[in-house]
Amino acid sequence: IITTFGAALGGAAAVILILLQRNNLSLKARLQHALSQNRLTVEYQPIVDVATGRPVAAEALVRWRENGEWIPPDVFIPVAEKAGLINRLTICVIDHVLSDMAASLDANPDFHISINISAADLFDRHFGALLALRLKEANVANNQIALEITERSTANAADAKEAIERLRSRGHKIYIDDFGTGYSSLAYLGELNVDGIKIDKSFTQTIGTSSVSVSIVPQIIDMARAHGLAIVVEGIETTAQRDYFAALKPKVDGQGWLFGRPASAITIKKALEPVA
Ligand code: C2E
Ligand code: MG
Ligand code: MG
Ligand code: MG
């Protein structure tokens, strides 16, 4: 009986696996198609000086709409990474950013755009030169493009350190994204030599609640300061959260629905225009 049951279970699992694979394959094929048709777009979310609300940067976030349905990046980025499509996707995002924002970046030299890159970009020895070429063509300074990497892609500290140094030497600021959600992040911080961290929204959301983990946020901030790192707080949604982070000295930057949701290039460019 056990064997029969096991076989039936195995059969069911195999069917589910085939369905999953098929679904995955089609997502991969659809993504490949969307990329070749240049159908991905980019939205921009303001990053502000929390104390004043003034935009200091914007994060570029890739968007994919198919048959009237938005497919979230958390779904298709991992597919792109597995399918070897991520380098193309990153270049596609960069090209969108440059065609949308080159003029605004030129007019606002203190403003920068932050782009998410994957491990495959970070460890691609040609990535920095490729990016530099495009920036030069668009007449955008390297230091106006920051790069966000995940803790996961820094798992091998020695390799990551070298790759980070290559990009920093070209003038790009490097931020560790979703900081605090990975492993051994605190110990690695000193070694990696990045410019800043983006504190994950799961930590931000403990502010203004009675949660015990509220005490972790000051610890992360103190440690980042001790390493001389810039701080961006992600996921600020409430005025209580804003007030908490606005009171910190030296200042931190922040990002979240309270300040602005990801929106079209037009919206972020309007926010940059001086008030007439
Ligand atoms: P991320 O880089 O941490 O980006 C921030 C995410 O948090 C975005 O989700 C943004 O819309 C969302 N967010 C911003 N403010 C708030 C808030 O106040 N509350 C909440 N609940 N969420 C907020 P999105 O656009 O869905 O992107 C998800 C993730 O997909 C990104 O997380 C990033 O890891 C990845 N991603 C997005 N665009 C790209 C890209 O061009 N390349 C790569 N490699 N990854 C990307
Ligand atoms: Mg990011
Ligand atoms: Mg993040
Ligand atoms: Mg994230």
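Taking a ≥ b ≥ c as the square roots of the eigenvalues of the Cα gyration tensor of segment 122-192, is the shape rounded (a/c under 1.5), prolate (a/b larger than b/c) or oblate?
The shape class here is prolate.
Only bridges whose two residues both fall in the chain count here: according to DSSP, what percent of them are antiparallel, nearest 5? Could you put the intermediate results ahead of the total?
On the way: 14 of 35 bridges.
Around 40 percent antiparallel, to the nearest 5.
What relative contact order, as a whole-number percentage, does segment 45-160 give when Cα pairs under 8 Å and 6 or more residues apart are counted? Don't jump to the answer; show the numbers that get you there.
Working: 122 pairs, mean separation 28.7, N = 116.
It comes to 25 percent, rounded to a whole number.
Using a 1.4 angstrom probe, figure out how much accessible area the chain has per residue, in square angstrom, rounded to the nearest whole. Don't skip to the end; give the middle numbers.
On the way: 14560 Å² over 276 residues.
With the other protein chains kept in place, the chain gives 53 Å² per residue.
Could you point to the residue in Leu98, Thr209, Leu85 farthest towards the positive end of the chain's charge dipole, with +1 and -1 charges on the Cβ of Lys/Arg and Asp/Glu respectively?
Going by the charge dipole, the pick is Leu85.
Using only Cα atoms, figure out Rg for the chain and give it as a multiple of 2.2 N^0.38 Å.
Values: Rg = 20.6 Å, N = 276, 2.2 N^0.38 = 18.6 Å.
The chain yields a ratio of 1.11.
How far apart, in nm, are two points set 7 Å out from the Cα along the Cα-to-Cβ line at Leu248 and at Ala157?
Taking the two extended label points, one gets 2.3 nm.
Could you work out [θ]222 nm for the chain from helices alone, using -39500 (n - 2.57) per DSSP H run of at least four and dividing by all its residues? Round to the nearest 500 deg cm²/dmol.
Counting only the DSSP helices, I get -15000 deg cm²/dmol.
With a 1.4 Å probe and all protein chains kept in place, how do Arg39, Arg166 rank by accessible area, largest first? Show your work: numbers first, answer last.
On the way: Arg39 100, Arg166 70 Å².
Greatest to least solvent exposure: Arg39, Arg166.
Of His172, His96, which has the most accessible area with a 1.4 Å probe, and how do the rest follow in descending order?
Working: His172 5, His96 35 Å².
So the residues, ranked largest to smallest area, are His96, His172.
Over segment 30-114, consider all pairs of different Cα atoms and compute the Kirkwood hydrodynamic radius from their mean reciprocal separation; express it in Å, one decimal.
Mean inverse Cα-Cα distance, inverted, gives 14.1 Å.
Treating cross-link reach as a plain straight distance, find the lysines whose alpha-carbon is under 18 Å from the alpha-carbon of Lys136, omitting any fewer than eight places away in the same chain.
Lys173
Reachable aspartates and glutamates from Lys269, Cα under 20 Å, same-chain residues fewer than 8 places away excluded?
Answer for Lys269, where 20 Å is the Cα cut-off: Glu43, Asp49, Glu59, Asp95, Asp100, Asp106, Asp110, Asp253, listed by chain and number.
Given an 8 Å cut-off on Cα distances and at least 6 residues of separation, report the relative contact order of the chain as a percent. Don't skip to the end; give the middle numbers.
Numbers: 406 pairs, mean separation 53.7, N = 276.
Reported as a whole number, the value is 19 percent.
Roughly how many percent of the accessible protein surface of the chain is carbon and sulfur, given a 1.4 Å probe and a whole-percent answer?
The computed percentage sits at 57.
Counting only other residues whose beta carbon sits under 13 Å from that of Gly182, what net charge do I get with K and R as +1, D and E as -1? Don't jump to the answer; show the numbers that get you there.
Numbers: positive: Arg152, Lys198; negative: Glu151, Asp177, Asp178, Asp200.
Taking every other residue near Gly182 into account, the sum is -2.
Under a straight-distance cross-link criterion of Cα-Cα below 19 Å, which lysines are reachable from Lys201, leaving out those fewer than 8 residues away in the same chain?
Partners within reach: Lys251.
With unit charges on the beta carbons (Lys and Arg positive, Asp and Glu negative) and the dipole taken about the Cα centre of the chain, which residue among Val140, Ala246, Ser169 sits farthest to the positive side?
Val140
Evaluate the Kirkwood expression for the hydrodynamic radius of segment 153-208, namely the inverse of the mean inverse distance over all pairs of different C-alpha atoms, and round to one decimal in Å.
Details: mean 1/r = 0.0830 Å⁻¹.
Final number for the Kirkwood radius of segment 153-208 is 12.0 Å.
Taking the chain as a Gaussian network, where each spring joins two C-alpha atoms under 10 Å apart, which residue of Gly171, Gly84, Gly196 fluctuates the most?
Gly84
Would you mind working out the magnitude of the charge dipole of the chain relative to its Cα centre, with +1 at each Lys and Arg C-beta and -1 at each Asp and Glu C-beta, to the nearest 20 Debye?
Details: 27 positive and 30 negative charges, 84 e Å.
The dipole magnitude comes to about 400 debye.
On a 0 to 90 degree scale, rounded to 10, what angle separates helix 73-82 from the longest Cα axis of the chain?
70
Could you pull the Cα extents of segment 71-154 along its three principal axes, largest to smallest, in whole Å?
38, 29, 22
The values are calculated or read from the model by the stated rules, or taken from the named source; none is laboratory data. This one's a predicted model, so the numbers in the text were calculated from it and none came from an experiment. All Cβ positions, glycine included, derive from the backbone under ideal geometry; neighbour counts span all protein chains shown. For accessibility, only protein heavy atoms count, side chains too; no ligands or nucleic acids. Shrake-Rupley method; radii C 1.70, N 1.55, O 1.52, S 1.80 Å.
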